[in-house]
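Take a look at the structure set out below.
The values are calculated or read from the model by the stated rules, or taken from the named source; none is laboratory data. Please read these numbers as outputs of a predicted model, since none were measured by experiment. Ideal geometry is used to build each Cβ from the backbone, glycine not excepted, and the neighbour counts take in all protein chains shown.
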Amino acid sequence: MTVVRTLFDEAEIARRVEQLGGEVAAMLPKDAAVVGLLKGSFVFVADLARALARSGLTPSIEFLKLSSYGAARTSSGEVRLVSDLTADMAGRQVLLADDIVDTGRTLAFARSLLLGRGAERVVTCALIDKPSRREVDINADVVGFTVPDVFVVGYGIDHAERYRYLPYIATIDPDP
Ligand code: 5GP
Ligand code: MG
């Protein structure tokens, strides 16, 4: 049976996301565009957008859906675009938000995509950072929580499409 252990509870996440909103708001203009990566960042972006608003921003919200080939637990190497933005990024100051930075491939891919679309500046924000897993030379500018090499779920983050609904972030043991 899968053991689910709470790593960051609801209150802890709420406090940290509020701080991130303040930090990020100080780096960006009022009309910045928030670009979240689906599906994992949908809960984080919902909370972060409202934290940004409380810090005075009026951001537009966009999503990009990316995927790694295969159904592996972590990205398998190649990232592809599954669903594109619906807004023009030319000249925009963008906050790129993702759930987890692991190897760094997803964040690097999304960042260059946005710059390729003419974004003037891309500030990157990850709720969770796993620096020990990095394979690409990229770090998020703003990070919520740094964790060791554990597998996490909840708060939008899944395992085989389960657990996204959990209001907290938990670790689960690898399948036997
Ligand atoms: P990267 O391209 O940085 O290797 O991959 C980031 C993506 O890998 C995350 O957005 C997520 O989809 C997946 N990933 C990395 N670590 C975890 C984890 O601990 N749990 C889950 N559910 N996905 C993870
Ligand atoms: Mg993701």
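Inside the stretch 35-78, can you point out the residues that are at pLDDT 95 or above, within 14 Å of ligand 2 (Cβ to nearest atom) and outside any loop (DSSP other than H, G, I, E, B)? Hits for the stretch 35-78 are V35, G36, L37, L38, F42, V43, F44, V45, F63, L64, K65, L66. When we screen F63, F8 for residues that are within 16 Å of ligand 1 (Cβ to nearest atom) and under 20 Å from V143 (Cβ atoms), the only hit is F8. Going by the structure shown, is A170 more than 9 Å from ligand 1 (Cβ to nearest atom) and not in a loop (DSSP other than H, G, I, E, B)? Here the answer is yes, as A170 does meet what is asked. For the stretch 101-156, residues that are more than 14 Å from ligand 2 (Cβ to nearest atom), assigned to a strand (DSSP E or B) and charged (D, E, K, R) total 1. Scanning the stretch 1-41 for residues that are within 15 Å of S60 (Cα to Cα) and surrounded by 17 or more Cβ atoms within 10 Å (Cβ to Cβ) returns G21, V24, A25, L28, A32, A33, V34, V35, G36, L37. The sole residue among D129, D102 that is crowded, with 19+ Cβ neighbours inside 10 Å and in contact with a helix residue (DSSP H, G or I) (Cβ under 6 Å, 6 or more places away or on another chain) is D102. Taking (1) touching a Phe, Trp or Tyr at 6+ places or on another chain (Cβ under 9 Å); (2) under 19 Å from D9 (Cα atoms); (3) aliphatic (A, V, I, L, M) in turn, V150 satisfies each apart from (1).
For A51, are the conditions met, namely being surrounded by 16 or more Cβ atoms within 10 Å (Cβ to Cβ) and out of contact with any strand residue (DSSP E or B) (no Cβ under 9 Å at 6 or more places or on another chain)? In short, yes. All conditions in (1) in a strand (DSSP E or B); (2) more than 16 Å from ligand 2 (Cβ to nearest atom); (3) within 17 Å of the chain's Cα centre (by Cα) hold for D98, with the sole exception of (2).
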